[in-house]
Amino acid sequence: MPEVITSIGEILIDFLPIIENGATVGFRMHVGGSPYNVAMGVARLGQPVAFAGTIATDFFGRSMREHVEREGIDTRFLLNVDAQTTLAFVAYEHGEPAYSFYGDSAADTLLK
């Protein structure tokens, strides 16, 4: 079996702002989380990679799992848990990103 780089940590949903005429008019959903972004980058470079973490079975978790699989990332260490997905909203204040996280006891925090 070839060596596989494994990234471990959180996978969550980032909601990035949709800005029109200088005002936030909505948010667009993106799968994210720094450790997951590393795995995605490695996969896009054509290297074998796995992601280790916990993922919810809610709508967002199912969407994230589909994304992981589409990216060609090995899911053998991606475990389903009965919890909600962490949601992160990003807005801009004075030209700088401002983050709000919603996810107490969420799936990505349950890795043991």
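The values are calculated or read from the model by the stated rules, or taken from the named source; none is laboratory data. Predicted model only: the values in this text are computed from it and were never measured. Virtual Cβ from ideal backbone geometry, glycine too; neighbours counted across all protein chains shown. What goes into the accessible areas is simple: the full protein's heavy atoms, side chains included, and nothing from ligands, DNA or RNA. Shrake-Rupley method; radii C 1.70, N 1.55, O 1.52, S 1.80 Å.
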Given the conditions (1) surrounded by 18 or more Cβ atoms within 10 Å (Cβ to Cβ); (2) hydroxyl-bearing (Ser, Thr, Tyr); (3) in a strand (DSSP E or B), which single one is not true for Thr24? (1)
Being part of a strand (DSSP E or B) and either open to solvent by less than 60 Å² (accessible area, probe 1.4 Å) or touching a helix residue (DSSP H, G or I) at 6+ places or on another chain (Cβ under 6 Å) (or both) is the filter; apply it to region 98-112 and report the residue that is nearest to Ile55 (Cα to Cα). Ser100
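For (1) of a type in the set (Lys, Arg); (2) at pLDDT 95 or above; (3) open to solvent by 30 Å² or more (accessible area, probe 1.4 Å); (4) in contact with a strand residue (DSSP E or B) (Cβ under 9 Å, 6 or more places away or on another chain), each residue gets a yes or a no:
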| residue | (1), (2), (3), (4) |
| --- | --- |
| Pro48 | no, yes, yes, yes |
| Phe60 | no, yes, yes, yes |
| Val68 | no, yes, no, yes |
| Thr75 | no, yes, yes, yes |
| Leu87 | no, no, yes, yes |
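Yes/no matrix, rows are residues, columns are (1) more than 15 Å from Glu10 (Cα to Cα); (2) of a type in the set (S, T, N, Q):
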{"residue": "His30", "(1), (2)": "no, no"}
{"residue": "Leu45", "(1), (2)": "yes, no"}
{"residue": "Ala56", "(1), (2)": "no, no"}
{"residue": "Val68", "(1), (2)": "no, no"}
{"residue": "Glu71", "(1), (2)": "yes, no"}
{"residue": "Thr75", "(1), (2)": "no, yes"}
{"residue": "Ala98", "(1), (2)": "yes, no"}
Total residues in region 1-21, condition open to solvent by 20 Å² or more (accessible area, probe 1.4 Å), without any contact (Cβ under 8 Å) to a residue 60 or more places away in the chain and of a type outside the set (D, E, K, R): 5
Out of (1) farther than 13 Å from Glu10 by Cβ; (2) open to solvent by less than 50 Å² (accessible area, probe 1.4 Å); (3) modelled with pLDDT under 90; (4) not aromatic (Phe, Trp, Tyr), what's the single condition that is false for Glu93? (2)
Tell me yes or no: at least one residue of region 49-60 is assigned to a helix (DSSP H, G or I) and either within 30 Å of Glu20 (Cβ to Cβ) or without any contact (Cβ under 8 Å) to a residue 60 or more places away in the chain (or both). yes
Top-ranked residue in region 27-45 [being of a type in the set (Gly, Ala, Ser) and closer than 20 Å to Pro97 by Cα; ranked as most open to solvent (accessible area, probe 1.4 Å)]: Ser34
Inside region 27-46, the number of residues satisfying the requirement of being closer than 18 Å to Val81 by Cβ and assigned to a strand (DSSP E or B) is 1
Subset of region 100-112 [under 15 Å from the mean Cα position of the chain (by Cα) and closer than 16 Å to Ile8 by Cβ]: Ala107, Asp108, Thr109, Leu110, Leu111
Are there any pairs with C-beta distances below 6 angstrom linking a residue in region 61-82 that is under 22 Å from Glu3 (Cα atoms) to a residue that is open to solvent by 30 Å² or more (accessible area, probe 1.4 Å), with the two at least 6 apart or on different chains, and if so which? Val68/Thr75
